[in-house]
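What follows is a set of notes on a single structure, which appears directly below.
Throughout, read-outs are computed from the coordinates displayed, never taken from laboratory work. What you are looking at is a predicted structure, and each value in this text was computed from that prediction instead of being measured. As a convention, Cβ positions derive from the backbone with ideal geometry for all residues, glycine included, and neighbour counts pool all protein chains shown.
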Amino acid sequence: MRQKDTQFERIAYPVGFGLLVLVLWEIGVHLFNVSPALLPAPSAIGAAIASSAAILWGDWVQTVLKGALNGIWMGSLAGIALALVVDRFVFLKRGLMPVANFFAALPIVGLAPIMVMWFGFDWHSKAAVVAIMVFFPMLVNTLAGLSAADTMQRDLMRTYAAGHVATLMKLRIPAALPFVFTGLKISTTLALIGAIVAEYFGSPIRGMGFRITTEMGRLATDMVWAEIFISALTGTALYGLVALIEKRVTFWHPSHRG
Amino acid sequence: MTFRRSILPILTVVVALVVIWYGAAIKMNSTWTFDQAARAGTSPSLSEVIGDTMQQSRPLLPVPHQVVSELWKTTVEKKITSKRSLVYQGFITLKTTLWGFALGIVIGVGLAAIIVLSRIGRLSLMPWAIISQTIPIVALAPIIVILSNAAGAGTLLVPKAIIAAYLSFFPVMVSMVKGLSSPDHMQLDLLRTYGAGPRAVFWKLRVPASMPYFFASLKVSVAAAFVGAVVGELSTSAIAGLGARMLIGSQFGEPMIMWAALFAAAILAGLLIVTIGGLEQILRRAMGGRPV
Amino acid sequence: MKKPVIDVSGVDLTFPTNDGAVQALKNVDLQINKGDFVSFIGPSGCGKTTLLRCIAGLETPTDGQLTVNGLTPTEARKARSYGYVFQAAGLYPWRTIGGNVKLPLEIMRFSKEEQAKRVRKVLELVDLEGFEKKYPWQLSGGMQQRASIARALAFDADILLMDEPFGALDEIVRDHLNEQVLKLWARTEKTIAFVTHSIPEAVYLSTKIVVMSPRPGRITDIIESPLPKERPLEIRDSPEFIEIAHRVRDGLRAGHEG
């Protein structure tokens, strides 16, 4: 009764929907003579991307490669490392879990102005904001993942008289990986937000957030849209990359078995 | 039992964090103290240094009790109508959050219904819904402001609420898609033996079955709406709200204003999550669910 | 007389629960000799699994004496004296069948060649040659459980503890596996302790049947089976078999009323 989705449909429908929106947008802008300062047509945005490729590239390097990625690896490593340490102490784990969960729900991005004050205008302050934003979801997810192995599997390790390290390496870390990847996927999204917002509080004269504010001031909306397009593409690509690695590494998880 | 099992560990962690904070503050702020002393040609004693690090007016990192006293000054001691009152500013952020939350629920539930009921809807919308969350909303913020102004919104509340809704619809949608498709084949077949149409299946089975999922998503969603509200304030150059206080603190180089706003935001987020969590419990029980 | 491999005398175990203490085991006495096939049978809550876990050193009795190979259960566990098969196969989904069987060998630091040799040998023992490279989820439930038995056999402990290993499988698969376990027992001459709630299974497999009853968990009858070591499936229709089955059923009923 239920129709199975083919690979073709899974790609054609979303792409078709996206194209439909673009076409309607293009037609709408021309039909109603919308001012380009208000809403440029997709073709105009495309032209802006093509003509300012060098600027966009510089912004991308500043914001994504320097700010966001540095923050992601620092925050993730710190979160995972702390989780591994805390995991050894039940008391600490009980106390830290709710606190970290609460912090993960807070608008940590608000620390951006303070980080700019501490670490200056360049990418270091952006990476710092991103690292803190990424830290809590990574910590929480890794901790949850480390408790994911069930009692039976732990008992099995006990029947082998396996020590803490062996149990960790052979059982609990592999079992935790799907959770770690969930944390990483959340992190990629947060990282771009953090890196861009932090630029609103001060940046050198390049960076996506910087470009968006300055071009907005000049009412060069097509450039703003160009940055939005690049950031959207980056966000999706980062997420997709993590999802791809996840699929490779945790191929055994029920959600990935083909 | 609960005290030893949960409250005591939490308190320990919080106390440890506060201690670390004092340590870090003394360390970071002492640079300025030493600079001042060097300029004046004096060499302060350790207790003088520590004392000074805790009462600078523009510390790199204010100590917790400074933040608390700043919070006290800007909440209890200020008139609620004053622009400097964090209660007043918090109320504005709260209003944005709740509008965004409400909008997010409507959009989330609506999208979920389309996705569950229509195959074409699911195939074309689901990937875009996921993509929407990977796009940094802050980049879109200025555009949302001018477009909603052009549409005649008049205040910043509308774009800020849209930004909040953009972040908060997703958890609701994901949960509702799960919830609406949670009835299994047996339950669906039962209704088919009654000759029920799609409309009856939706309202009599899918909707009630989805309620626990719906409630479970609210806490996450309201937290996301709150983050969205603050992000919205930070990225639309708002002049009111807790995010705006952070902006002002940054522009005038007043760290105390930033920290107080940050703390107020944390407290407000906590209150929101607890309130919605409580509401969720009450609703769940009222609908005959088992207490969890 | 030979010393028993597993010697249980006067073992008590009480669990604290919210409704007061529950006596899971009361005054349990039992000797298991080398090469015995002992089944524990009884309704749920009779403590049969708990007793097996005590023998394995996964639970600690509150009172009484319990030795395995003359050692305390914990010492025996640390000395890797037994292989344990759980109710569910509990194979690690991120490891192949071969990798799963290798798991205890890695933890116990067998050499690489030895690992490969043993994996091949035990997979052959449970009729799973050629499935070494498959992942657990690609196998049927019965095959998964066979792989988990191979895993328990891999390090060649003298004792095999099996906790309702076939409880979740259907009748036909179960019959087949019962036959295989008997063959395995004959070939390896291991001492096997086997928890079940199926009367035919217990009678078919065992040299000694331990009937248990709940509240408090205790042994109500120990039946020495007169059946020969060589047992085709048809033996289940013989008068001797039916007589023992009757005695087991009577024992269970008496325990239920008492």
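Numbers for the structure displayed
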{"item": "Longest exposed-site-free window of chain C, the sites being GluC sites (Glu not before Pro) in a DSSP loop that have at most 12 other C-beta atoms within 10 Å", "result": "C:1-128"}
{"item": "Mean Cβ neighbour count within 10 Å, used as a protection proxy, ranking B:158-170, B:109-121 highest first", "result": "B:158-170, B:109-121"}
{"item": "Cα principal axis extents for segment C:89-156, largest first, Å", "result": "30, 22, 18"}
{"item": "Cα-based helix-to-principal-axis angle, B:64-75 vs chain B, degrees rounded to 10", "result": "70 degrees"}
{"item": "Per-residue [θ]222 nm for the protein assembly as shown (sum of -39500 (n - 2.57) over DSSP H runs n ≥ 4, rounded to 500)", "result": "-21000 deg cm²/dmol"}
{"item": "Quotient of Cα Rg and 2.2 N^0.38 Å for segment B:2-61, N being how many residues it contains", "result": "1.56"}
{"item": "Mean projection area, nm², convex hull over Cα of segment B:77-183", "result": "8.9 nm²"}
{"item": "Helical segments meeting 30 Å axial Cα length and Kyte-Doolittle 0.0 threshold in chain A (DSSP H)", "result": "A:7-31, A:123-146, A:173-200, A:221-249"}
{"item": "Linear extension gain, C:E230 paired with C:S44, 0.36 nm per residue minus alpha-carbon span", "result": "63.9 nm"}
{"item": "Average projected area [Cα convex hull, segment B:96-142], square nanometres", "result": "3.8 nm²"}
{"item": "C-alpha long axis of helix B:119-134 to longest principal axis of chain B, angle in °", "result": "0 degrees"}
{"item": "Inter-label distance, nm, simple model (7 Å from Cα along the C-beta direction), B:A16/A:V90", "result": "1.6 nm"}
{"item": "Centre separation in Å (Cα based) which lies between segment A:50-87 and segment B:1-71", "result": "30 Å"}
{"item": "10 Å Cβ neighbours from other chains, averaged over peptide A:135-144", "result": "0"}
{"item": "Segment B:171-183 - phi-based ³J(HN,Hα) in whole Hz, Karplus 6.51/-1.76/1.60, Gly and Pro as x", "result": "x, 4, 4, 4, 5, 5, 4, 4, x, 5, 9, 6, x"}
{"item": "Under-5 Å amide H pairs with C:M162, H placed in peptide plane, nonlocal only", "result": "C:V85, C:A193, C:F194, C:V195"}
{"item": "Sparse-neighbour loop sites [chymotrypsin sites (Phe, Trp or Tyr not before Pro); segment A:2-40; at most 15 other C-beta within 10 Å; DSSP]", "result": "A:F32"}
{"item": "Degrees between helix C:112-125 axis and first principal axis of chain C (Cα, 0 to 90, nearest 10)", "result": "60 degrees"}
{"item": "Label point distance in nm, A:I205-A:L219, each placed 7 Å from Cα along Cα→Cβ", "result": "2.3 nm"}
{"item": "Semi-axis lengths (Å, descending) of the ellipsoid that matches the C-alpha gyration tensor of chain A", "result": "41, 26, 13"}
{"item": "Trypsin sites (Lys or Arg not before Pro) within segment C:93-142, DSSP loop, no more than 15 other Cβ atoms inside 10 Å", "result": "C:R109, C:K133, C:K134"}
{"item": "D_trans [Stokes-Einstein, Kirkwood Rh over alpha-carbon pairs] for chain C, 4 °C, 1.567 mPa s, µm² s⁻¹", "result": "69 µm²/s"}
{"item": "Compactness index (Cα Rg / 2.2 N^0.38 Å), the protein assembly as shown", "result": "1.18"}
{"item": "Global form of segment B:1-108, assessed from the alpha-carbon gyration tensor, a/c cut-off 1.5", "result": "oblate"}
{"item": "Trypsin sites (Lys or Arg not before Pro) within segment C:150-249: DSSP coil, no more than 12 neighbouring Cβ in 10 Å", "result": "C:K229"}
{"item": "Shielding by other protein chains, B:230-236, mean Cβ within 10 Å", "result": "5"}
{"item": "For C:L25, residues with placed amide H under 5 Å, excluding near neighbours", "result": "C:L13, C:G217"}
{"item": "Average beta carbon contacts from partner chains per residue of A:110-122, 10 Å cutoff", "result": "5"}
{"item": "Dimensions in Å of chain B - Rg and Dmax from alpha carbons", "result": "24.7, 93"}
